[in-house]
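K.L.:
Pasting a structure below so you can have a look.
The values are calculated or read from the model by the stated rules, or taken from the named source; none is laboratory data. None of these values were measured; they are calculated from a predicted model. All Cβ positions, glycine included, derive from the backbone under ideal geometry; neighbour counts span all protein chains shown. In case anyone asks, the SASA skips ligands and DNA or RNA and just uses the protein heavy atoms, side chains included. Shrake-Rupley method; radii C 1.70, N 1.55, O 1.52, S 1.80 Å.
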Amino acid sequence: MIEVSEVGPRDGLQSIDRIMPLEAKKAWIKAEFEAGVPEIEVGSFVPASLLPQLADTAELVAFAKTLPGLKVAVLVPNLKGAENAVRASVDKITIPLSVSETHSLENVRRTHKQMIDEATAIAGMIAAQPEGERPFFEGGLSTAFGCTLEGPIDEAEILSLAEQLMQAGCDEVGLSDTTGYATPTHVKRLVKAVKDVVGEDKLNGLHLHNTRGVGLANVLAGLEVGITTFDASLGGIGGCPFAPGASGNIVTEDLVYMLDSMGLETGVNLEKLLDVRKIVSAALPGEPLYGFVPDAGLPKGYPDGYVE
Ligand code: ZN
């Protein structure tokens, strides 16, 4: 089973200036859930003054929690955000730690040390919750494949931060290609190196962007080194601030098509998933939606005779 995690409502929408109405977000989340997507990152607990697009995250979590079995994930930048997330009863919390300290200072105005302290505080707060009410806690190593400000990142630094996140109390770490710099060989090398440090079963997820067109190649590389969860966004929504015309996250529809055709179980119904685009395009008229499979259509007779 390969897990597809939809991050469009968070990563996609935060990159668009317009605010998607709450009701449209709910319809989107419900439709993806009904298409079989097992995990959705519905938003981020950040001050509304910073990201007004995600100001309704608490309402969305409450709504998403009514969808039985859906894993409801959010991003939090600090303890305060994590407290709000726990109050909302999310299933998964990710704290992003930018391995580029320059990026971290620009983005969240925190040094690595401060972010590790934040992760430690969050892990302590989660541990203090009653059993059965503790969300899964992931440390997301962002800009892991390179930074627009610093360029290549020293691998020893990444490994050290991965170790520190686990010592801080994260359940696992993930790798994020925030800048769309990852390539297949780099993915394999870094995943193996991080797994060597944190443990084979403590790195399972990759967050990839398709900025330079090698997003799905990177997925394949990830599969070969044991990655089982991939973040993606419907229609690659959000675009890429560094490359006009390029999609943002890897496209959920293309990802599911590739996994599906390889005979890898995702639990997602591709035809239903393709239909979800109508909701998003109606709510954000004129916003480009990407994806090769949606543009070209499924092969004649798919899936009979195509799936390995
Ligand atoms: Zn991203």
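K.L.:
Looking only at segment 5-19, count how many residues are free of Cβ contacts under 8 Å to residues at least 40 places away in the same chain and of a type outside the set (Val, Ile, Thr). Walk me through it before giving the result.
P.N.:
Of all residues in segment 5-19, those free of Cβ contacts under 8 Å to residues at least 40 places away in the same chain come to 17, 19.
Subsequent filtering for residues that are of a type outside the set (Val, Ile, Thr) retains 17.
Of the residues in that region, 1 qualify.
K.L.:
Considering only residues that are under 16 Å from the mean Cα position of the chain (by Cα) and closer than 17 Å to GLY205 by Cα, which ones fall in segment 230-265? Working first, answer last.
P.N.:
Step one: filter segment 230-265 for residues under 16 Å from the mean Cα position of the chain (by Cα), giving 230-240, 247-256.
Residues satisfying the conditions are PHE230, ASP231, ALA232, SER233, ASN249, ILE250, VAL251, THR252, LEU255, VAL256.
K.L.:
Now for a different question. Can you name the residue in segment 166-192 that is within 20 Å of THR120 (Cβ to Cβ) and of a type in the set (Gly, Ala, Ser) and is also farthest from the ligand (Cβ to nearest atom) among such residues?
P.N.:
First, the residues of segment 166-192 that are within 20 Å of THR120 (Cβ to Cβ): 166-174.
Those still in the list that are of a type in the set (Gly, Ala, Ser) too: 168-169, 174.
Details: ALA168: 22, GLY169: 24, GLY174: 11 Å.
Ranking the qualifying residues of segment 166-192, first place goes to GLY169.
K.L.:
For segment 11-23: of the residues being open to solvent by 20 Å² or more (accessible area, probe 1.4 Å) and assigned to a helix (DSSP H, G or I), which is farthest from the ligand (Cβ to nearest atom)? It would help to see each step written out before you state the result.
P.N.:
First, the residues of segment 11-23 that are open to solvent by 20 Å² or more (accessible area, probe 1.4 Å): 14-15, 17-19, 21-23.
So of that shortlist, the ones also assigned to a helix (DSSP H, G or I) come out as 14, 22-23.
Working: GLN14: 9, LEU22: 22, GLU23: 25 Å.
Step by step, filter segment 11-23, then rank; the result is GLU23.
K.L.:
Exactly one of (1) over 25 Å from GLY180 (Cα atoms); (2) at pLDDT below 95 is unmet by GLY238. Its number?
P.N.:
(1)
K.L.:
Separate question: Please work out which residue is farthest from GLU138 (Cα to Cα), limiting yourself to segment 200-224 and to residues that are more than 16 Å from the ligand (Cβ to nearest atom) and open to solvent by less than 20 Å² (accessible area, probe 1.4 Å).
P.N.:
Checking each candidate, the answer is ALA221.
K.L.:
Additional query: Just to be sure I understand, how many residues within segment 108-160 are open to solvent by 50 Å² or more (accessible area, probe 1.4 Å) and not in a helix (DSSP H, G or I)?
P.N.:
Residues of segment 108-160 open to solvent by 50 Å² or more (accessible area, probe 1.4 Å): 109-110, 113-114, 117, 120, 127-128, 130-134, 136, 148-150, 152, 154-157.
In the following step, the residues that additionally are not in a helix (DSSP H, G or I) were identified as 109-110, 128, 130-134, 136, 148-150, 152, 154.
Final tally of qualifying residues: 14.
K.L.:
Tell me, which residue of segment 85-107 that is part of a helix (DSSP H, G or I) and open to solvent by 50 Å² or more (accessible area, probe 1.4 Å) is modelled with the lowest pLDDT? Talk me through it step by step, then tell me what you get.
P.N.:
From segment 85-107, those part of a helix (DSSP H, G or I) are 85-87, 101-107; that's our starting set.
Of the ones still in play, those that are also open to solvent by 50 Å² or more (accessible area, probe 1.4 Å) are 87, 101-102, 105-107.
Working: ARG87: 97, GLU101: 93, THR102: 92, LEU105: 91, GLU106: 87, ASN107: 82.
Checking each candidate, the answer is ASN107.
K.L.:
When segment 241-271 is examined, which residues are found to be within 16 Å of the ligand (Cβ to nearest atom) and either of a type in the set (Gly, Ala, Ser) or open to solvent by 20 Å² or more (accessible area, probe 1.4 Å) (or both)?
P.N.:
Of everything in segment 241-271, those that are within 16 Å of the ligand (Cβ to nearest atom) and either of a type in the set (Gly, Ala, Ser) or open to solvent by 20 Å² or more (accessible area, probe 1.4 Å) (or both) turn out to be PRO241, PHE242, ALA243, ALA246, SER247, GLY248.
K.L.:
Scan segment 24-32 and give yes if some residue there is away from the ligand (no atom under 16 Å from the Cβ), open to solvent by 20 Å² or more (accessible area, probe 1.4 Å) and not in a helix (DSSP H, G or I), otherwise no.
P.N.:
no
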